[in-house]
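One structure is given here, and the rest of the page talks about it.
The values are calculated or read from the model by the stated rules, or taken from the named source; none is laboratory data. Values in this document were obtained by computation on a predicted structure and should not be read as measured data. Cβ placement follows ideal geometry from the backbone for every residue including glycine, while neighbour counts extend to all protein chains displayed.
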Amino acid sequence: MSDENKAASSNLSAAGVDLAAKHGTQARQEDKKKDFSEDFKTQFPQAEQMAKSGRLDAACELMLLLEKQARVASDIATIKQAAIAVVTFCYDARDWDSLCKYTTLISKRRMQKGTVVALVVQKVMEYKECDEVTGNKDLTLKLIECLREVSDGKIYVERERAMLTLELAHMKEKDGLLAEAADTLNEVHVETYGAMNKVEKAEYILEQVRLTMLKKDYVRAHIVAKKINKKWLVQAGFGAIKIKFYTMMVEYWVREGDVMELFKCYNQMYNTSQVQADPTQWQYYLPYVVLFLLLSPHGPEQNNMLHTLAADPKLKEFDDGKWHALLTHYITQELASWPLPQYDLAFGHAVLSGAPPPAAAAPTAAPKAAVTDALGALGADDVEMEEVSVFKKEEKKEEKKDADKKDGDKKDDKKEEEEKQQTADTPDFELAPYKIPPYHFAGKAEGDDGWRKLLHTRTVEHNLRVVATAYTRIRTPHLATMLGLTTDEVEKHIANLVTKAIIYARIDRPSGVVNFTKPNNPEAKLNDFGANLSELLDLMETTCHLVHKENMRFKVKA
């Protein structure tokens, strides 16, 4: 065959392939454009009649055949209608085995649309709430496990899977299986979910923390608690979540024995906007803040917080200023007598008495907004805060752009609405119906290492800091008399403060003298001498300059 014939043959073959591909594309486009809505209207009554007559499988197969045809033609509306019809037939027949079977079948069909799977899962979750299912524990578990299997690994039903896992964990908790409940709930890494808003994420993580603490796994509970972004807790609508979070953290820090962290927890609760606006609430948290701050070890942060809290007008007016007077002992450069004048006030509180604490004060007139209103106040510009389907995000963005073009003042109005909502608090979210009771500090106040003894120690340390600034040397018996301690106890407290580098002191036991003056080493003395000599030379130069100036003035006058 000649080269010309070969070229002509190859051109004809290519043209044939192109023509076939063109016809194939056109055929596929015609199939995609096909609408099966009329077929559904025709076949649905037949399938419904078959289901009612007891032929459930035949009715479902008829709808599944139509669903396949619509899926090939990408007729999303008909696919949804056919899929929902299948699960509805199973529910109406109360055939729960068939419901689980066809739900799994629909989700595993080739090239199944994510929106269809999400719709079916949501529909079956609605059916799960009927009285027949809720009253049957085994049936509820069966449906939950079926839906969790269907939703496993699918990002478009991650929120539904999280809710199902939460319900399963609560059921195990009621059965006393705390370890299994905590492990089940911790399988969900809700912090990575985009379909859940921040309120839901925070509540869900708090449930994980609560169950992990019930399991007595405090290390893991602390790790899980770090998933909550502290910046969320200061936003509008997070008041109840913030208080619940720090109430849980109190239990962890009590076990760790960190009194400063306990102060920070109660200080955060006290500074919540809803608490500040309600006298019954801030009067409940303020004594905790004062006592744990006084029990905290001395340092720059603790000293700064002492002066900040002392300047709080609420503390000055609370309980006729008694708590403010108690705090004042530790910020003035005067010796605090022991027992303190407010001894009964401090030791009568639940922190130092060891008695069960009263329940946290309920808000008297705090505004209660719906969760959706709180979410709106948190900012619609944040995609995570919008309760929209993952399949509608692009449409929402386009609608938002158009709305912004039509109304240029929309953002300003939104800012004003956010400012109004700043004082509003979100009611407890239905994700976590459990209330967190106040922590009972049983066994923490009594004993040699208890908080009662610790408050006395903090008072002695304050007095020693005052003495160290007022005295250069003092006799140990006299110092012991001033502090109301024995000589051995005084030496023990001084040694503790010196070890922590809070004060400088040297004890001369044979002489019975405590020296608070820090001696200078030879290098420091030489530096001081050099500085003094430089200052002396500067003064002499200035004096000579002034004498020369006066001589020149008299010479001019002469």
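Observations
- Among the residues of segment 453-488, just one is within 46 Å of the chain's Cα centre (by Cα) and without any contact (Cβ under 8 Å) to a residue 12 or more places away in the chain, namely LYS453.
- Residues that are under 22 Å from LYS500 (Cβ atoms) and free of Cβ contacts under 8 Å to residues at least 24 places away in the same chain within segment 434-452 comprise ASP448, ASP449, GLY450, listed in sequence order.
- Which listed residue is under 30 Å from ALA236 (Cα atoms), in contact with a helix residue (DSSP H, G or I) (Cβ under 8 Å, 6 or more places away or on another chain) and either in contact (Cβ under 8 Å) with a residue 60 or more places away in the chain or of a type outside the set (Asp, Glu) (or both), from THR165, THR140: THR165
- Residues of segment 280-297 classified as in contact with a helix residue (DSSP H, G or I) (Cβ under 9 Å, 6 or more places away or on another chain) and over 18 Å from CYS265 (Cα atoms), total: 0
- Residue pairs meeting the criteria (Cβ under 6 Å; at least 6 apart or on separate chains; first closer than 16 Å to ARG473 by Cα, in segment 517-530; second part of a helix (DSSP H, G or I)): none
Here is a yes/no grid of residues against (1) within 21 Å of LEU185 (Cβ to Cβ); (2) of a type in the set (D, E, K, R); (3) touching a helix residue (DSSP H, G or I) at 6+ places or on another chain (Cβ under 9 Å); (4) in the same structural domain as LEU286 (by TED's automatic domain parsing):
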| residue | (1), (2), (3), (4) |
| --- | --- |
| HIS222 | yes, no, yes, yes |
| LYS226 | yes, yes, no, yes |
| TRP232 | yes, no, yes, yes |
| MET249 | yes, no, yes, yes |
| VAL254 | no, no, yes, yes |
| GLY257 | no, no, no, yes |
| PHE263 | no, no, yes, yes |
| TYR266 | no, no, yes, yes |
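- Which numbered condition GLU191 misses (of (1) within 14 Å of the chain's Cα centre (by Cα); (2) free of Cβ contacts under 8 Å to residues at least 24 places away in the same chain): (2)
- Lone unmet requirement of (1) over 21 Å from SER353 (Cα atoms); (2) basic (Lys, Arg); (3) outside any loop (DSSP other than H, G, I, E, B) for LYS227: (3)
- Any hit, segment 74-83, residues being buried (at least 18 other Cβ atoms within 10 Å of the Cβ), farther than 23 Å from LYS34 by Cβ and in contact (Cβ under 8 Å) with a residue 24 or more places away in the chain: no
- Which numbered condition MET552 misses (of (1) closer than 30 Å to VAL351 by Cβ; (2) loosely packed, with under 14 Cβ neighbours inside 10 Å; (3) aliphatic (A, V, I, L, M)): (1)
- Residue in segment 59-72 that is assigned to a helix (DSSP H, G or I), surrounded by fewer than 22 Cβ atoms within 10 Å (Cβ to Cβ), out of contact with any helix residue (DSSP H, G or I) (no Cβ under 6 Å at 6 or more places or on another chain) and among the polar types (S, T, N, Q) present: yes
- Of the helices (runs of 4 or more DSSP H) entirely within segment 288-358, those holding at least 1 residues that are hydroxyl-bearing (Ser, Thr, Tyr) and over 28 Å from GLY447 (Cβ atoms) occupy 300-310, 322-328.
- Flag if ARG220 is surrounded by fewer than 20 Cβ atoms within 10 Å (Cβ to Cβ) and under 16 Å from the mean Cα position of the chain (by Cα): yes
- Residues located in segment 153-201, provided they are among the aromatic types (Phe, Trp, Tyr) and part of a helix (DSSP H, G or I): TYR156
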